[in-house]
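Comments concern the structure below.
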Amino acid sequence: MRLLIVDDEEATCQGMRVRVQSMNLPALTDIDLAFSAEEALALAQKKEVLLLLTDIRMVDMDGLQLIEELKKQNPCLCSVIMTAHPQFEYAHQAIRLGVTDFLLKPFTREELQKALMQAIDQVLRLQENMRNEQQHVSENTPPVEWAKRYVQEHIQQDIDMSYIANCLNLSYSYFSKLFRQETGTNFSSYVVEEKMKAAGKMLREGRRTSEVAELLGYEATQNFSRAFTKYWRCTPGEYRKQ
């Protein structure tokens with residue numbers, strides 16, 4: 001598979017390529033370099049990128065925005081971030097985007113190799129899962145109905161619209177437009193609504209807030225509580241009492 005290294009310092013990119021080549025990872029067939037996020041996006045239009053090693057702070061677009069855009073093209077993309085800036089908001093957003101590892105500069109060769117091997121394994125798992133899902137897509141099932149059923153069956157997971165679109169062999173933008181046309185809401189809002197309905201049911205059954213958050217795929221209980229309060233107009237504790 002192809003690895004794309006992105007950093008707006010050319011010397012850093014060149015040095016990283018030498019380090020990765022010295023690891024002789026058998027899964028890596030090509031290593032490409034890009035010196036800006038815009039250059040990386042243009043390259044990804046021509047070649048399939050499955051692995052990304054990127055800095056966060058760049059001039060035109062930061063690395064987290066780059067990951068978000070690339071995942072729309074290929075939901076099987078797995079990313080490793082390298083940065084000298086360990087801000088919490090970066091780490092939190094990286095988790096949301098499914099980043100495999102967050103390497104703080106300076107990092108060792110062993111740390112980089114471990115991160116890349118984990119990313120390779122994750123790509124292979126995602127590809128296998130997608131192949132299985134594509135086999136389950138029936139030609140007789142309308143795309144939006146299939147997507148809604150997928151949400152119900154995977155309500156306990158972090159559901160990615162780009163993954164759904166690829167399972168249906170539709171572009172990200174076309175599926176987004178189609179879903180809104182047929183349901184009157186966007187896909188992400190639909191997923192949140194279904195998760196909150198499931199959360200209400202679990203709380204009525206007596207489950208603890210932290211347990212419900214974990215069961216619905218929320219990394220942090222406070223994020224779940226915020227979403228729940230916005231949807232139900234009361235906190236999980238107030239809802240349980242009512």
Residue set L53, L33, L77, L43; condition at pLDDT 90 or above, more than 29 Å from F175 (Cβ to Cβ) and buried (at least 16 other Cβ atoms within 10 Å of the Cβ); output residue L33
Which one of these does L178 not meet: (1) among the hydrophobic types (A, V, I, L, M, F, W, C); (2) open to solvent by less than 30 Å² (accessible area, probe 1.4 Å); (3) within 30 Å of L53 (Cα to Cα)? (3)
Any residue that is within 22 Å of I95 (Cβ to Cβ), touching a Pro at 6+ places or on another chain (Cβ under 6 Å) and surrounded by 15 or more Cβ atoms within 10 Å (Cβ to Cβ) - is there at least one of those in the range 201-212? yes
How many residues does the range 215-242 hold that are of a type outside the set (A, V, I, L, M, F, W, C) and not in a helix (DSSP H, G or I)? 6
Could you list, in sequence order, all residues of the range 131-158 that are at pLDDT 90 or above, closer than 27 Å to V212 by Cβ and surrounded by 14 or more Cβ atoms within 10 Å (Cβ to Cβ)? W146, A147, K148, Y150, V151, H154, I155
So, of the residues in the range 1-30 that are of a type in the set (D, E, K, R) and either part of a helix (DSSP H, G or I) or open to solvent by 20 Å² or more (accessible area, probe 1.4 Å) (or both), which turns out to be nearest to L77 (Cα to Cα)? R2
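The values are calculated or read from the model by the stated rules, or taken from the named source; none is laboratory data. Since the structure is predicted, the reported quantities are computational estimates derived from the model, not experimental observations. Heads up, the Cβs are rebuilt from the backbone with ideal geometry, glycines too, and the neighbour counts pull from every protein chain shown. Calculation scope for accessible area: heavy atoms of the full protein, side chains included, ligands and nucleic acids excluded. Shrake-Rupley method; radii C 1.70, N 1.55, O 1.52, S 1.80 Å.
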